[in-house]
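Visitor: Supplied in structure tokens, the structure appears directly below.
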Amino acid sequence: MLEIKDLTCGYDSKFALQDINFRIDLGEVVGIIGPNGSGKTTLIRAITHVLKPKQGEVFFEGKNIGQMKFKELAKSIAVVSQSLEVVFLTVEEFVLLGRIPHFRKMQFWETKKDLEVARRCMTLTDTIKLKGQLMTEMSGGERQLVLIARALIQEPKLLLLDEPTAHLDINHQVRILDLIKRLNKEFGLTVIVVMHDLNLASQYCDRLILLNNGFIHKAGPPQEVLTYKIIEEVYKTVVVVGENPISSKPYVFLVSEEERQKRGRPG
Amino acid sequence: MGGLLLSIGILSLSIGSSGVSFKRIIPLMFEGKGTTEYTILFDVRLSRIILGFAVGGALSLAGVILQGMFRNPLVEPYTLGISGGAALGVCLNIVFRLHQTFGIFTLPLFGFLGANLVILLVYSLSIRRGILRIQGLLLTGVMISFIASSLIMLMMAVSRVEDLHGIVFWIMGSLEEPNWFLIKLVVFVSILGLIISYVFCVDLNAFSLGEEEALHLGINIERTKRLLFIIASLLTGCSVSVAGIIGFVGLVVPHFVRMLVGGDHRILLISSFLCGAGFLIFCDTLARTIISPMELPVGVITGILGGSLFVYALAKGQTVLGGR
């Protein structure tokens with residue numbers, strides 16, 4: 001459903017992404033991983049056409065996104081970004097903003113259907129109990145759930161998430177990723193998620209795209225991407241890759257300097 | 001809110017250096033022209049009230065629009081230099097006596113031109129490679145504001161004595177305007193501004209999430225920004241040309257209205273307009289009664305009232321609109 005062809009783009013004269021080629025099929029959960037500054041967020045911005053490509057094209061369901069109307073795009077692709085904007089709105093008001101792409105011309109207020117979709121999405125994300133509270137009172141985990149609710153209310157076909165589990169405790173990390181997986185399984189939502197945690201990415205994604213310095217270093221299922229050779233080359237860090245005993249997905253173990261010295265010593 | 005505005009209006013109608021009681025207002029309407037009381041009420045005071053309504057509404061509206069676009073409670077026509085540019089335009093007009101040669105309509109025209117010129121200047125200076133930089137915009141606006149006021153002072157220093165008094169009093173801000181054409185024009189512009197900006201209320205709501213998020217919600221941000229810019233400069237230019245620089249209305253009114261009704265622009269735009277109108281009429285009533293029979297410039301009252309309310313709100317640590 002999404003195809004990126006020879007994409008090169010960046011800020012000013014610097015290229016943040018070069019020669020990106022990949023396609024994503026309907027119903028996939030694809031993780032984008034890579035070191036800081038490797039172009040993960042830039043890729044998200046290119047897909048939503050916030051950043052115009054210098055070269056190459058992005059196609060969504062066969063249509064060039066550069067030629068799609070803003071509204072049309074917003075009805076197909078929703079983004080959960082690492083928004084730090086503090087907004088003085090209640091949770092319900094905030095979530096309802098996601099309905100804007102569906103507004104007709106000269107429509108200022110939500111219709112019954114809009115409110116119905118909002119209720120459904122907030123129930124799904126378990127945020128309905130928060131609806132009267134202010135956004136400024138939300139904890140990090142609640143905030144993320146509300147952001148996902150706002151993206152879902154757009155009724156997108158493709159959901160993009162930029163580090164949805166950053167700064168969250170393990171309970172919330174799992175809750176959010178389980179939710180995403182459920183949306184994918186039950187509603188057939190296609191998901192692209194930027195992740196820093198390699199093990200979570202391995203656990204939840206069907207396929208991983210590893211970026212390094214703006215290039216795709218490796219793409220494929222977690223077993224192919226998360227090998228110690230590739231990780232050490234890209235992240236310049238010594239790791240051991242084992243297997244998660246429960247899911248038998250690859251699991252990346254870090255090795256501290258102390259351990260390295262102990263083991264590196266001859267004899 | 002509308003009722004409040006109406007009662008402020010009636011109260012303001014009856015208060016003044018020569019008191020006309022409440023009960024006399026209705027009978028006076030039917031007695032018709034001719035009496036002194038009628039003239040005071042409907043020619044002198046009513047015109048001020050109508051102008052106060054239009055200017056107060058226009059300035060608050062411009063404030064809400066600019067704050068919504070920049071997600072910063074500190075921007076308003078004055079801080080972006082739009083008022084300064086408008087004032088400079090009007091000043092030029094007065095010094096060269098263009099309004100006497102070409103007609104009174106050149107005053108708001110010059111105000112609008114000045115405002116628009118500043119907007120274009122600030123906008124083009126802040127655009128780098130197609131992206132509007134908000135921080136740069138604010139700083140440029142403040143600087144242009146300084147330059148404009150310096151140029152006005154320069155003009156005052158070299159202008160004739162008879163012009164000087166006019167400029168000084170106009171700049172301090174006054175709602176006294178004998179020309180009905182100008183009053184009607186400001187009323188028309190402010191209501192037109194309200195209608196057009198209301199069409200963009202949903203866009204403004206999306207802007208509160210940040211520009212990128214607004215784009216994700218399908219808003220054509222560049223076009224919306226440009227249009228709202230023009231509306232804000234039109235509102236400011238006309239207000240300033242008729243009533244002078246009346247500061248703080250566009251800063252304080254939206255701030256407090258937001259505390260009352262929240263950040264939803266679908267409600268905020270209209271309620272700020274009404275509150276701004278009421279606020280300015282109230283301030284003007286104070287201005288002409290407080291040291292009666294003498295009169296204070298209304299800009300002094302809004303400055304003192306608005307400024308101290310703002311400081312109070314800041315000190316209480318209430319953070320509204322992102323409160324950065």
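Bear in mind that the values in this text are calculations on the coordinates, not laboratory data. If you're wondering where the values come from, they're calculated on a predicted model, not measured in any experiment. Methodologically, a virtual Cβ is constructed for each residue, glycine included, from the backbone with ideal geometry; neighbour enumeration extends over all protein chains shown.
Visitor: Given the stretch A:2-221, report the % of alpha carbon pairs whose separation exceeds 24 Å. List each step's numbers first, then the result.
Guide: Working: 10281 of 24090 pairs.
Across the stretch A:2-221, Cα pairs with separations above 24 Å total 43 percent.
Visitor: Which order do the peptides A:256-263, A:176-183, B:82-89, B:204-211 come out in when sorted by mean C-beta neighbours inside 10 angstrom, highest first?
Guide: Details: A:256-263: 9.5, A:176-183: 18.2, B:82-89: 29.8, B:204-211: 23.6.
The most tightly packed comes first, giving B:82-89, B:204-211, A:176-183, A:256-263.
Visitor: For the residues B:LEU4, A:LEU134, what sequence is obtained by ranking on other C-beta atoms within 10 Å, fewest first?
Guide: B:LEU4, A:LEU134
Visitor: Counting only other residues whose beta carbon sits under 11 Å from that of A:ILE128, what net charge do I get with K and R as +1, D and E as -1?
Guide: Numbers: positive: A:ARG119, A:ARG120, A:LYS129, A:LYS131; negative: A:GLU92, A:ASP126.
Neighbour charge sum, excluding A:ILE128 itself: +2.
Visitor: Which lysines have a Cα less than 20 Å from the Cα of B:LYS225, not counting those fewer than 8 places away in the same chain?
Guide: A:LYS52, A:LYS69, A:LYS71, A:LYS105
Visitor: Within the stretch A:1-52, report the trypsin sites (Lys or Arg not before Pro) that DSSP leaves as loop and that have at most 11 other Cβ atoms within 10 Å.
Guide: Those satisfying the criteria are A:LYS14.
Visitor: Now for a separate question. Given the Cα-Cα distance of B:LEU125 and B:ILE147 and 0.36 nm per residue of separation, how much length would full extension add, in nm?
Guide: Once the chain is fully extended between B:LEU125 and B:ILE147, it gains 6.4 nm.
Visitor: Give, as a single signed number, the net charge of other residues whose beta carbon lies under 12 Å from the beta carbon of B:LEU107, with Lys and Arg counted +1 and Asp and Glu -1. Please list the in-between numbers first.
Guide: Values: positive: B:ARG97; negative: B:GLU177.
So the environment of B:LEU107 carries a net charge of 0.
Visitor: For the stretch A:108-228, rounded, prolate or oblate, judged on the Cα gyration tensor with a ≥ b ≥ c (square roots of eigenvalues), a/c < 1.5 rounded, else prolate if a/b > b/c?
Guide: Cα axes put the stretch A:108-228 in the prolate bin.
Visitor: To continue, here is another question. Once you order the gyration tensor axes a ≥ b ≥ c over the Cα atoms, which shape class does the stretch B:118-232 get: rounded for a/c under 1.5, otherwise prolate or oblate by comparing a/b with b/c?
Guide: Because a/c hits 1.5 or more and a/b fails to exceed b/c, the stretch B:118-232 counts as oblate.
Visitor: Per residue of A:86-96, what is the mean number of Cβ atoms on other protein chains within 10 angstrom of that residue's Cβ? Let's see the in-between values first.
Guide: On the way: counts 7, 9, 11, 6, 3, 0, 0, 5, 4, 0, 2.
Across the residues of A:86-96, the mean count of other-chain Cβ atoms within 10 Å is 4.
Visitor: I'd like the distance separating the alpha-carbon centroids of the stretch A:181-206 and the stretch A:31-51, in whole Å.
Guide: Between the Cα centres of the stretch A:181-206 and the stretch A:31-51 lies a distance of 16 Å.
Visitor: So which trypsin sites (Lys or Arg not before Pro) in the stretch B:206-289 pass both tests, a DSSP loop state and at most 16 other Cβ atoms within 10 Å of the Cβ?
Guide: none
Visitor: Taking every residue in A:66-75, how many Cβ atoms of other protein chains lie within 10 Å of its Cβ, on average?
Guide: Mean inter-chain Cβ contacts per residue within 10 Å come to 3.
Visitor: Taking N as the number of residues in the stretch B:43-317, what is its alpha-carbon radius of gyration divided by 2.2 N^0.38 Å?
Guide: Computed over Cα atoms of the stretch B:43-317, the ratio equals 0.96.
Visitor: Give the separation of the Cα centroids, the stretch B:212-290 to the stretch B:65-127, in Å.
Guide: Comparing the Cα centres of the stretch B:212-290 and the stretch B:65-127, I get a distance of 15 Å.
Visitor: Which aspartates and glutamates does A:LYS229 reach when only Cα atoms under 17 Å apart count, and residues fewer than 8 places away in its own chain are ignored?
Guide: In chain and number order, the partners are A:GLU243.
Visitor: Would you please put A:72-81, A:186-195 in order of how densely packed they are, using the mean number of other Cβ atoms within 10 angstrom per residue and starting with the highest?
Guide: On the way: A:72-81: 22.5, A:186-195: 19.2.
Taking the mean over residues of other Cβ atoms within 10 Å, the ranking is A:72-81, A:186-195.
Visitor: Do any trypsin sites (Lys or Arg not before Pro) in the stretch B:110-200 lie in a loop, going by DSSP, with at most 11 other beta-carbon atoms within 10 Å of their beta carbon, and if so which?
Guide: Here the trypsin sites (Lys or Arg not before Pro) that fit, given the DSSP loop and packing criteria, are B:ARG129, B:ARG160.
Visitor: Could you pull out every one of the aspartates and glutamates with an alpha carbon less than 14 Å from that of A:LYS181, ignoring same-chain neighbours closer than 8 positions?
Guide: Cα-Cα hits under 14 Å: A:GLU28, A:ASP206.
Visitor: Sticking with this structure for a sec: Just the C-alpha atoms of the stretch A:23-143: what Rg/Rh do they give, with Rh taken as the Kirkwood radius?
Guide: 0.99
Visitor: If you project the alpha carbons of the protein assembly as shown onto the principal axes, what extent comes out on each, in Å, largest first?
Guide: 108, 50, 49
Visitor: Looking at the square roots a ≥ b ≥ c of the eigenvalues of the Cα gyration tensor of the stretch B:215-268, which shape do they give, rounded for a/c under 1.5, prolate if a/b is larger than b/c, or oblate?
Guide: Taking the square roots of the gyration eigenvalues as a ≥ b ≥ c, the stretch B:215-268 is oblate.
Visitor: In the structure shown, do any of A:LYS54/A:LYS157; A:LYS14/A:LYS40; A:LYS63/A:LYS185; A:LYS5/A:LYS63; A:LYS63/A:LYS157 have a Cα-Cα gap over 19 Å, and if so which?
Guide: A:LYS54/A:LYS157; A:LYS63/A:LYS185
Visitor: While we're here: What net charge is computed for the residues neighbouring A:VAL50, neighbours being all others with C-beta under 11 Å from the C-beta of A:VAL50, Lys and Arg scored +1, Asp and Glu -1?
Guide: -1
Visitor: Here is a further query. Could you let me know the centre-to-centre spacing of the stretch A:122-172 and the stretch B:148-195, using Cα atoms, in angstrom?
Guide: Cα centroid of the stretch A:122-172 versus Cα centroid of the stretch B:148-195: 51 Å apart.
Visitor: In the stretch A:194-218, which residues have a backbone nitrogen under 16 Å from the label point lying 7 Å from A:GLU233's Cα in the Cα-to-Cβ direction?
Guide: A:209-218
Visitor: How many Cβ atoms of partner chains, on average, are near each residue of B:198-210 if near means within 10 Å of its Cβ?
Guide: 4
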